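The values are calculated or read from the model by the stated rules, or taken from the named source; none is laboratory data. In this text the structure is predicted, and so the values were computed from the model without any measurement. Cβ sites come from the backbone with ideal geometry, for glycine too, and all protein chains shown count toward neighbours.
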Amino acid sequence: MTIRPILIHPDPRLKKPADPIATFDDALRVLADDMLETMYDAPGIGLAAPQIGVMQRILVMDCVKEEGEEPQPMVLINPRVTWESEARNVYEEGCLSIPDQYAEVERPSEVKVSWQDLSGATQEQAFDGLWATCVQHEIDHLDGKLFIDYLKPLKRQMITRKMQKLKRERARA
Ligand SMILES: [Zn+2]
């Protein structure tokens with residue numbers, strides 16, 4: 001398993017829709033393992049392939065945060081929301097591609113998601129709480145959308161400028 005570098009916003013690859021996956025082979029399993037390793041190392045609770053520059057519709061997540069609880073790694077390929085609740089929830093979201101920036105985002109509090117697993121079999125499950133927020137945030141990545149796109153333009157521009165500065169500093173280091 002390899003920890004892959006995570007792209008930092010702004011980057012054109014984070015704004016581009018990713019391609020559907022049609023081949024379920026060993027290369028895909030390696031990609032999923034690398035993504036989980038990269039997510040746990042960051043540490044984060046979700047990671048979508050475009051965040052490591054791979055323009056394919058695959059995401060990983062594990063929203064178990066309690067110390068001592070069994071990890072629950074999930075790999076979702078070609079995921080799509082098939083149902084969303086009318087009830088909405090506000091969570092303070094962050095993103096591995098927008099380090100140290102957090103903002104409240106409102107989303108449906110429950111969703112049903114259908115996806116393919118690593119063998120290509122179709123799965124469907126309902127998510128609520130943090131899992132629901134996380135899966136919607138990660139599916140957004142596959143459509144080239146970031147959580148800051150839900151914020152008012154002024155706030156979004158402020159965060160983008162901070163990220164540009166961070167990237168300049170990292171490039172110099
Ligand atoms: Zn993110």
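In region 127-163, the qualifying residues are those that are part of a loop (DSSP other than H, G, I, E, B) and more than 15 Å from the chain's Cα centre (by Cα), and the one that is farthest from the ligand (Cβ to nearest atom) is 152. Of all residues in region 2-31, how many are surrounded by fewer than 16 Cβ atoms within 10 Å (Cβ to Cβ), more than 19 Å from residue 77 (Cα to Cα) and of a type in the set (A, V, I, L, M)? Final tally of qualifying residues: 1. Filter region 38-65 down to the residues that are of a type in the set (S, T, N, Q) and closer than 20 Å to residue 115 by Cα, then identify the one that is farthest from the ligand (Cβ to nearest atom). Step by step, filter region 38-65, then rank; the result is 56. For region 32-53, the set of residues classified as in contact with a helix residue (DSSP H, G or I) (Cβ under 7 Å, 6 or more places away or on another chain) and buried (at least 17 other Cβ atoms within 10 Å of the Cβ) consists of 35, 38, 45, 46, 47, 48, 49, 50, 51, 52, listed by residue number.
Of all residues in region 114-141, those satisfying the criterion of being more than 17 Å from residue 93 (Cα to Cα) and aliphatic (A, V, I, L, M) are 118, 121, 126.
List every residue pair whose Cβ atoms sit under 9 Å apart, with the two residues 6 or more apart in sequence or on different chains, where the first one lies in region 134-152 and is at positive phi and the second, anywhere, is of a type outside the set (Asp, Glu). Hits for this filter: 144/13; 144/14; 144/15; 144/16; 144/17; 144/18; 144/50. Only one of the listed residues (92, 124) is within 15 Å of the ligand (Cβ to nearest atom), surrounded by fewer than 14 Cβ atoms within 10 Å (Cβ to Cβ) and at pLDDT 95 or above. That residue is 92.
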